[in-house]
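Participant: I'd like to ask you about the structure that follows.
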Amino acid sequence: MIRIITTYGGLLLTAMGQTLLLALCGLFFACILGLIFGLLSVLKNRVCNIVSIIFVDAIRGVPMIVLAFYIYFGMPALFNGLMGYNAVTLTALQAGTICLSLNCGAYMAEIIRAGIQSVDKGQMEAARSLGLPYWKAMYRVVLPQAIRTMIPSIINQFIITLKDTSILSVIGFPELVNTAKNVVANSFRTFEVWTIVAVMYLIIITVLSRVAKILERRLNRGRE
Amino acid sequence: MKKLIAFALALVLALSLVACGSTAPATDDAANSEATAAPDAAAEGDAAEGDATASDGKVWVVATDTVFKPFEYTDESGNFVGIDVDILAAIAEDQGFQYELKSLGWDGAIAACQSGQADGMIAGASITAERQESGWMFSDGYYTATQTMTVAENSDIAGFEDLEGKTVAVKIGTQGAAYAESLKDEYGFTIQSFEDSPTMYQAVLGGQCVACFEDTPIMQASIKDGGLALKVLENTANEGGDYGFAIFSENSQELLDMFNAGLANIKANGKYDEILAKYLG
Amino acid sequence: MAENNVKIHVSHLKKSFGNLEVLKDVSVDVTQGEVVVVLGPSGSGKSTFLRCLNRLETITDGQVIVDGYDITDKKTDINKVRENIGMVFQHFNLFNNLNVMGNMILAPTELKKATKAEATANALKLLKRVGLLDKAEAYPSQLSGGQKQRVAIARALAMNPDILLFDEPTSALDPEMVGEVLQVMKQLASEGMTMVVVTHEIGFAREVASRVIFMEGGYIVEEGTPEEVLDHPKEARTIDFLSKVL
């Protein structure tokens, strides 16, 4: 165990950094996508609703590993077919970020839709009756209330997404699981390596949950 | 006070995890030796009597990779076939032992052997000093393979010198990966690790990586069978090494011995050449 | 507009929800300073009628002109019109994420009607008027129903509107809190505010209304002064309704 840590510790820490980098990139864009498609689904506009439903259903209906292969290999192949060899290539980080943000974004859209719909309709009506435009009312009155109810689900989704980065091992992104497989291949110490990896994930996720809890408490201050 | 107790509990938990991690293989070995004690005794008896191992009814579990063409793969009709599969079958027939072949993937096969869930593995594993040091026990070599670099058909990369600043694909834990690793500092390229060969090839075909490192026969068979737009750069081959059947525990020594004896027999009676001809043309 | 002092002009207003026609043909004018109380059984369309006046409900057919703006015209900037029509809801609808002061100054500052300082000063004046000066920092969840509704009225007044719409403002209140809200409304009426009030408070109608409208089945059945409609109703349906609520 100790030998594994001294020999491969640096490598695994770098990989953990890559996992965090990928997760953060993915979550950042997932929040944006989730917000856009979540809002599209609550607008009083049939076309917007349908666009959102198609996005959410399509992404939720495809396992992320399939999405990963499709984006990393399929999309460039598609573009290259149109524009000639190697016109577009994605790095594994870019493909991974797209993949995670699409996947997590679809779930975030659902969380945000549910959150907004959980806010009493009267809040929007009251804001509109004062002359506030829709988006101002949404931004100043509805979303702040929606976010409070969404936070536990969002934290949960963040944790799932962080763990889902491991799926991107299949497209060769050097995150924790991919690197661990290499370390196992070199050291043949299957159990020790996976124990270290498990503990590393455990630490990241525990820290993340704690920070999220503190944030949640902060946001809820003044509510009661 | 409460915090102190919580911390202590967490520490105990962490330590026990670590302890489990380092002792797991040992306890598994212990369990193994119990389970196989009887067959061992039987084997000793058999050795005295000669060649009648089949009578003890032991079914050996052999692990292998999922796709490692042409050594193991699933053919068009859904049968699990390949050089490894046929060699093992021929040797088992020759030696008269029963076995069950489990296709677990490369990592899975190693883990299964280490944990005692499998008795040995045949998965185009190169016989290397590093592996032997870390507990692998190999049979005699049953195939000699070199590793080479492969690039896209229309690529202008002609050798390692052209790899500066580029990314190459390897398959985790293979000799090809080790070969690439040994070259990367000298030639200044980065390595991206994939979990199986088809994905690695796809990365070169799709332009995500400029080259891949693979065992030469595998690469050639894949290019031929799959009609892949790839070319092997023959001048990039290393010295190569032998593939061997591997065990991870003394308890499977009998299986290893039978493998070696059987291998010598099928090489002598022409069965071995027949199998190679079937897959490599 | 024939007369300058007509604040709300409604002609042949129709409103359907899918196949359900809630307002069948409603025409009414409200002049400056009038307090119009709309009565009627539930399902008569009175709340829908009120919500059409600031287009919280889309209008199916007919014309509604408020403050000279045709709000049935798609080109009309409805937000601009709404700045001059306050609305008070049955369930108060205070913004739960903001304290009382936040509720009061949100619209004036967001819509650049006032600086934060001006809006705050005005809000304090209005809170004093509704008797809640000490609650400026409180959150809605810390207020009683009556207090919430008084803040809601003050919030509507903060935009300095010409017209106030009340949608059953006392229906969700405990009985002992109805009085304090009606008191504020009476005061507003006496100051000359143009008000349209949907309510079940017959006493309030009798005391404050300049006109009472009785609606049923998507039509105005009867309208007139409180004495005419409440004490000497002519229509059978009005008589029937009043006999049940009085």
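We did not get these values from a lab; they are worked out from the coordinates using the rules stated. Note that the coordinates shown come from a computational prediction; the quantities given were computed from them, not determined experimentally. Here the Cβ is made from the backbone with ideal geometry for all residues, glycine too, and neighbour counts use every protein chain on show.
Participant: With N denoting the number of residues in the stretch B:103-176, provide Rg(C-alpha) divided by 2.2 N^0.38 Å, to two decimal places.
Facilitator: So the Cα radius of gyration is 1.44 times the expected 2.2 N^0.38 Å.
Participant: Something else now. Leaving out same-chain residues fewer than 8 places away, which lysines sit with a Cα under 25 Å from that of residue B:224?
Facilitator: Those lysines meeting the cut-off are B:69, B:171, B:271, B:278.
Participant: Spelling out what I want: for every residue of the stretch C:215-225, take phi, set θ = phi - 60°, compute 6.51 cos²θ - 1.76 cosθ + 1.60 (Karplus), and round to whole Hz; glycine and proline get x.
Facilitator: 10, 7, x, x, 10, 7, 7, 7, 8, x, 5
Participant: Whole percent per 5 Å bin, from 0 to the bin with the longest distance: what is P(r) over all C-alpha pairs of the stretch C:25-82?
Facilitator: Pairs per bin, as whole percents: 4, 16, 28, 25, 18, 7, 2.
Participant: Measuring from label point to label point, each 7 Å out along Cα→Cβ, what is the residue C:183 to residue A:117 span in nm?
Facilitator: That separation, rounded to one decimal, is 4.3 nm.
Participant: Sticking with this one: Assigning unit charges at the beta carbon (Lys, Arg +1; Asp, Glu -1) and nothing else, what dipole magnitude in debye, to the nearest 20, does the stretch A:150-224 show about its Cα centre?
Facilitator: 320
Participant: Starting at 0 and stepping by 5 Å, how many percent of the alpha carbon pairs of chain A end up in each bin?
Facilitator: 1, 7, 12, 14, 15, 14, 12, 9, 7, 5, 3, 1, 1, 0
Participant: Still on this model: Tally the DSSP beta bridges in the protein assembly as shown and give the antiparallel ones as a percent, rounded to 5.
Facilitator: The antiparallel fraction comes to roughly 55 percent.
Participant: Using mean Cβ contacts within 10 Å as the protection proxy, how do B:198-211, A:170-183 order, highest first?
Facilitator: Highest mean packing first, the order is A:170-183, B:198-211.
Participant: In whole Å, what three semi-axes, largest first, describe the equivalent ellipsoid of chain C built from its Cα gyration tensor (square root of 5 times each eigenvalue)?
Facilitator: 29, 22, 16
Participant: Taking each pair of distinct Cα atoms in the stretch B:61-135 once, what is the resulting Kirkwood hydrodynamic radius in Å?
Facilitator: Its Kirkwood hydrodynamic radius stands at 12.8 Å.
Participant: While we're looking at this one, here's another question. Once you treat every alpha carbon in the stretch C:177-226 as an equal point and sum by Debye, what is log10 I(q)/I(0) at q = 0.13, 0.25, 0.31 Å⁻¹?
Facilitator: Rounded to two decimals, the profile gives -0.33, -1.02, -1.32.
Participant: Please report Rg over Rh for the stretch C:96-148, where both radii come from the alpha carbon positions and Rh follows the Kirkwood definition.
Facilitator: With Rh from the inverse mean 1/r over Cα pairs, Rg/Rh is 0.97.
Participant: Taking Rh as the Kirkwood radius computed over C-alpha pairs, what is the Stokes-Einstein D of the stretch A:21-61 at 4 °C in a medium of viscosity 1.567 mPa s, expressed in µm² per second?
Facilitator: 120
Participant: Still on this model: With Cβ to Cβ distances under 11 Å as the rule, what net charge do the other residues near residue A:142 carry (K, R +1; D, E -1)?
Facilitator: Residues close to residue A:142 contribute a combined charge of +2.
Participant: Here's a follow-up. When the convex hull of the C-alpha atoms of the stretch C:29-124 is computed, what volume per residue in Å³ does it have?
Facilitator: In the stretch C:29-124, the Cα hull volume divided by residue count equals 150 Å³.
Participant: How large is the Rg to Rh ratio of the stretch A:1-133 when both quantities use alpha carbon positions and Rh follows Kirkwood?
Facilitator: With Rg and the Kirkwood Rh in hand, the quotient comes to 1.15.
Participant: Follow-up question, since we're still on this one. Have a look at B:205, B:266, B:238 and report the one farthest towards the positive end of the charge dipole of the stretch B:170-281, computed about the Cα centre with Cβ charges (Lys/Arg +1, Asp/Glu -1).
Facilitator: B:205
Participant: With +1 on each Lys and Arg Cβ and -1 on each Asp and Glu Cβ, and nothing else charged, work out how big the dipole of the protein assembly as shown is about its Cα centre, in Debye to the nearest 20.
Facilitator: My answer is approximately 5180 debye.
Participant: Show log10 I(q)/I(0) for the protein assembly as shown at q = 0.07, 0.08, 0.10 Å⁻¹, two decimals, from a solvent-free Debye sum over equal Cα scatterers.
Facilitator: -0.71, -0.79, -1.00
Participant: Follow-up question, since we're still on this one. Using the alpha-carbon centroid of each, what span in Å lies between the stretch B:98-157 and the stretch C:24-64?
Facilitator: First find each Cα centre; the distance between them is then 82 Å.
Participant: Something else: With N set to the number of residues, divide the alpha-carbon radius of gyration of the stretch B:154-195 by 2.2 N^0.38 Å and report two decimals.
Facilitator: 1.12
Participant: Could you tell me which residue out of A:112, A:147, A:162 lies farthest along the dipole of the stretch A:61-165 toward its positive end? Charges go on the beta carbon: Lys and Arg +1, Asp and Glu -1, centred on the Cα centre.
Facilitator: Of the candidates, A:147 comes out farthest on the positive side.
Participant: Provide the three semi-axes, in whole Å and in decreasing order, of the ellipsoid equivalent to the stretch A:36-84 as defined by the square roots of 5 times the Cα gyration tensor eigenvalues.
Facilitator: 28, 14, 7
Participant: Can I ask one more? Using Cα centres only, tell me the gap between the stretch A:115-189 and the stretch C:69-121 in whole Å.
Facilitator: Using only Cα atoms, the two centres lie 31 Å from each other.
Participant: Under unit Cβ charges (Lys, Arg +1; Asp, Glu -1), what dipole magnitude, rounded to 20 debye, does the stretch A:101-172 have relative to its Cα centre?
Facilitator: I would put it at about 220 debye.
Participant: Also, I was wondering about something else. Work out which helices of chain A, taken as complete DSSP H runs, extend at least 18 Å along their axis over the Cα atoms and score a mean Kyte-Doolittle of 1.0 or more, then list them.
Facilitator: Helices meeting the criterion: A:2-42, A:46-60, A:190-220.
Participant: Tell me the mean residue ellipticity at 222 nm calculated for chain C from its helices only (DSSP H runs of n ≥ 4, each -39500 (n - 2.57), averaged over every residue, nearest 500).
Facilitator: It lands at -10000 deg cm²/dmol.
Participant: Compute the normalised compactness of the stretch A:88-161: alpha-carbon radius of gyration over 2.2 N^0.38 Å, N being the residue count.
Facilitator: 1.44
Participant: Also, quick follow-up: First check a/c for the stretch C:123-198, with a ≥ b ≥ c the square roots of the eigenvalues of its C-alpha gyration tensor; if it is under 1.5, answer rounded, and if not, answer prolate when a/b is larger than b/c or oblate otherwise.
Facilitator: oblate
Participant: Using the alpha-carbon atoms, what tilt in degrees (0 to 90, nearest 10) does helix C:175-190 show relative to the longest principal axis of chain C?
Facilitator: Roughly 90 degrees, rounded to the nearest 10.
Participant: Translational diffusion coefficient of the stretch B:150-281 at 37 °C, 0.692 mPa s, Stokes-Einstein with Kirkwood Rh over Cα pairs, in µm²/s as a whole number.
Facilitator: 197
Participant: So what is the calculated 222 nm ellipticity per residue for chain A, using -39500 (n - 2.57) for each DSSP H run with n of 4 or more, over all residues, to the nearest 500 deg cm²/dmol?
Facilitator: -26500 deg cm²/dmol
Participant: Equivalent-ellipsoid semi-axes (√(5λ), Cα gyration tensor) for the stretch B:49-184, whole Å, largest first?
Facilitator: 34, 17, 13
Participant: For the stretch A:137-199, take the alpha-carbon Rg, divide it by the Kirkwood Rh, and send me Rg/Rh.
Facilitator: 1.30
Participant: Using only atoms on other chains, find how many Cβ atoms lie within 10 Å of each Cβ of peptide A:180-193 and report the average.
Facilitator: Mean shielding count: 6.
Participant: So, one more: Strictly greater than 12 Å: what percent of every Cα pair in the stretch C:80-119 meets that?
Facilitator: When every Cα pair of the stretch C:80-119 is considered, 65 percent fall beyond 12 Å.
Participant: May I pose another question? What residue among C:62, C:145, C:18 has the largest mean-square fluctuation in a Gaussian network model of chain C, using Cα springs under 10 Å?
Facilitator: So, out of C:62, C:145, C:18, the one fluctuating most is C:18.
Participant: Please give the peptides C:87-93, C:149-155 ranked by average Cβ packing (other Cβ atoms within 10 Å per residue), highest first, as a rough proxy for protection.
Facilitator: C:149-155, C:87-93
Participant: Local charge sum around residue A:173 (other residues, Cβ-Cβ under 14 Å, Lys/Arg +1, Asp/Glu -1)?
Facilitator: Around residue A:173, the charge tally is -2.
Participant: Please report the net charge: other residues with Cβ closer than 9 Å to the Cβ of residue B:90, K and R +1, D and E -1.
Facilitator: -3
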